[in-house]
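Heads up: the structure comes next, in structure tokens.
Bear in mind that the values in this text are calculations on the coordinates, not laboratory data. Remember, predicted model here, so these are calculated numbers, not experimental data. FYI the Cβ positions are ideal-geometry reconstructions off the backbone, even for glycines, and counts take in every protein chain you see.
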Amino acid sequence: MIEMLVSLQVTNDFDYAKYREGITPILESIGGGFGYDFKIAEVLRSETQNKINRVFTIYFPDQEKMDAFFSNREYLIFKKLYFEKSVASTTIMATYNRD
């Protein structure tokens, strides 16, 4: 299993929730999902200039399924409709094998 630790600067909670609602069935259909999910009030130390107010983990069965998810036509529609206008920045903090 491959997992990513991701941080975001979410600027519109309503549209971001619509994005998550739309992509979750696609993610689950390939055996993936969200693990931890936090709204962050204060960042004490960071290795990026990006602002951060959301941190979560997302996992996939393997690299091939992860790549297929992020290139899925339906996923890309939700990304364009909701993610792009609700998230100011994204930082991939780590990608690792979770077994």
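Of note:
- Listed values for the stretch 69-86 are Karplus-derived 3J(HN,Hα) couplings in whole Hz (6.51 cos²θ - 1.76 cosθ + 1.60, θ = phi - 60°), namely 4, 6, 10, 4, 4, 5, 4, 4, 5, 5, 4, 5, 5, 10, 5, 4, 9, 10, and x replaces Gly and Pro.
- 3J(HN,Hα) along the stretch 91-99, derived from phi through the Karplus expression 6.51 cos²θ - 1.76 cosθ + 1.60 where θ = phi - 60°, amounts to 10, 7, 7, 6, 9, 8, 7, 10, 10 Hz, with x in place of Gly and Pro.
- Cβ-derived FRET efficiency at R0 25 Å, Asp62 paired with Ala17, nearest 0.05: 0.35
- For the chain, the Rg and Dmax computed from alpha carbons only, in angstrom: 13.3, 37
- For the stretch 3-19, Karplus couplings with θ = phi - 60° (6.51, -1.76, 1.60), whole Hz, Gly/Pro x: 10, 10, 9, 10, 10, 9, 10, 7, 10, 9, 4, 5, 5, 5, 4, 5, 4
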